[in-house]
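What follows is a short report on a single structure.
The values are calculated or read from the model by the stated rules, or taken from the named source; none is laboratory data. Source: prediction; values computed, not measured. Here the Cβ positions follow ideal geometry from the backbone for every residue, glycine too, while neighbour counts run over all protein chains shown. Note: areas computed on protein heavy atoms with side chains; ligands, DNA, RNA excluded. Shrake-Rupley method; radii C 1.70, N 1.55, O 1.52, S 1.80 Å.
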Amino acid sequence: MEKEIINKVFEFFIKSDDFNGMPLRDISDNLDIEYKSSVDVIKRLVQKDKISIQSSSNPHIIYTRHYPKEIQMKILEDAKSWTVKKEKIGNIVFRTESSQTPICLYPSPELLKKKRNLEDFIGSPYSKRLALAEPQLKSVFFEIDVLDRYFNDPRFDFSFDDYSGSISCKYDENHQPLLREEDEIFLKTFGLGFDENGKRLAVVYLRYLSDLTSEHQVYWSNK
């Protein structure tokens, strides 16, 4: 049973388009086992560093961190008492968890490092980090001159207001990009920070870095 659950969670994560986790109740439904029993198996897998859980209003992504095992174990134990309400509208059945912080399951970073094929992420270092279950809102810091490439090129729309900004490629009157395909980027937001010596830095969430093209991911990684 442990192996089946690991495979289910692993396959769900690697086939996801957005590095999403598998809802907890899908395990008991897909494997046709009693819900509380499935939670006990998952607790063992958390202890063994095979599975990691997220519990929040949106547990479908890993936000800022993987929680310590003792916290994960307590959340899972509490989850045994959660109920689910089913409502059918037409041919569609909606399920609502009694908790406001439902649970999703992820393969642990340790498991992914051993098992995941990363060939698809060659040349995309930030996408690769998400593929290994790093948190999507992890801050990554860069030399401030990483921004010069975009600020000095009029074909990019470089927007900055006080402490945060965004970058995207510009389009002509026919809605065609002014740049080659490798440069058609959109960086949703970046910010400014300072190191311990007061030197200015650029800072970007890992999620937004992963949306860059491979060429630009490599450019940022060199800074």
Based solely on its DSSP helices, what 222 nm [θ] is calculated for the chain when runs of n ≥ 4 H residues each add -39,500 (n - 2.57) and the sum is averaged over all residues, nearest 500 deg cm²/dmol?
-> -9500 deg cm²/dmol
Of all accessible heavy-atom area on the stretch 1-69, the percent that carbon and sulfur account for (1.4 Å) = 45 percent
Please turn the phi angles of the stretch 88-94 into ³J(HN,Hα) values with the Karplus equation 6.51 cos²θ - 1.76 cosθ + 1.60 (θ = phi - 60°), one per residue in order, whole Hz, x for glycine and proline.
-> 9, 10, x, 9, 9, 9, 9
Please list the non-local residues whose amide H lies under 5 Å from the amide H of Y63, H modeled 1.01 Å from N, same-chain partners needing a gap of 5 or more.
-> Q136
With +1 at each Lys and Arg Cβ and -1 at each Asp and Glu Cβ, the charge dipole magnitude of the chain around its Cα centre, to the nearest 20 debye, comes out at 1140 debye
Using θ = phi - 60° and Karplus 6.51 cos²θ - 1.76 cosθ + 1.60, couplings along the stretch 63-71 (whole Hz; Gly, Pro as x) = 6, 10, 5, 8, 7, x, 4, 5, 6
Long-range alpha-carbon pairs in the stretch 1-118, meaning those over 22 Å apart, account in percent for 30 percent
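Treat every Asp and Glu Cβ in the stretch 31-162 as -1 and every Lys and Arg Cβ as +1, leave all other atoms uncharged, and give the resulting dipole magnitude about the Cα centre to the nearest 20 debye. Don't skip to the answer; put the middle values down first.
Values: 22 positive and 20 negative charges, 183 e Å.
Around 880 debye, computed over the stretch 31-162.
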Taking 0.36 nm per residue of separation between D40 and N91 and subtracting their Cα-Cα distance, the length gained on full extension comes to 15.1 nm
Report T64's accessible area, 1.4 Å probe, all protein chains in place, as a number in Å² to the nearest 10.
-> 80 Å²
In what sequence, largest accessible area first, do H66, H60, H216, H175 appear using a 1.4 Å probe?
-> H175, H60, H66, H216
Estimated FRET transfer efficiency (D78, E11; beta-carbon r; R0 30 Å; 0.05) = 0.65
Of all accessible surface on the stretch 109-152 at a 1.4 Å probe, what whole percent is carbon and sulfur?
-> 51 percent
For the stretch 1-27 and the stretch 125-154, distance of Cα centres in Å = 27 Å
Taking the Cα centre of the stretch 164-211 as origin and charging only Cβ (+1 Lys, Arg; -1 Asp, Glu), how large is the dipole, in debye to the nearest 20?
-> 280 debye
Restricting attention to the stretch 2-61, which GluC sites (Glu not before Pro) occupy a DSSP loop and are surrounded by at most 12 other Cβ atoms within 10 Å?
-> E34
Once K113 and F141 are pulled to full extension, the length gained, defined as 0.36 nm per residue separation minus their Cα-Cα distance, is 7.7 nm
Which residue, P59, P68, P23, tops the fluctuation ranking in a GNM of the chain built on C-alpha contacts under 10 Å?
-> P68
Length released on extending from E184 to D211, taking residue separation times 0.36 nm less the Cα-Cα span | 8.6 nm
Taking max minus min of the Cα coordinates of the stretch 58-153 on each principal axis, largest first, gives extents in Å of 55, 36, 27
Kirkwood Rh, the chain, all Cα pairs: how many Å?
-> 19.8 Å
If one builds a Gaussian network model of the chain from Cα atoms under 10 Å apart, the most fluctuating residue listed among L179, L76, L212 is L179
What are the ³J(HN,Hα) values, in whole Hz, obtained from phi via the Karplus relation 6.51 cos²θ - 1.76 cosθ + 1.60 with θ = phi - 60°, for each residue of the stretch 31-44 in sequence order, with x given for Gly and Pro?
-> 9, 6, 10, 5, 4, 5, 5, 5, 5, 4, 5, 5, 4, 5
Counting only C-alpha contacts under 8 Å and six or more residues apart, can you give the relative contact order of the chain as a whole percent?
-> 18 percent
So for the chain, taking the charge dipole from beta-carbon charges (+1 Lys/Arg, -1 Asp/Glu), which of S159, V204, N174 sits furthest toward the positive end?
-> V204
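Over the stretch 2-125, give the accessible area per residue in Å² for a 1.4 Å probe, as an integer.
Values: 7170 Å² over 124 residues.
For the stretch 2-125, the per-residue accessible area is 58 Å².
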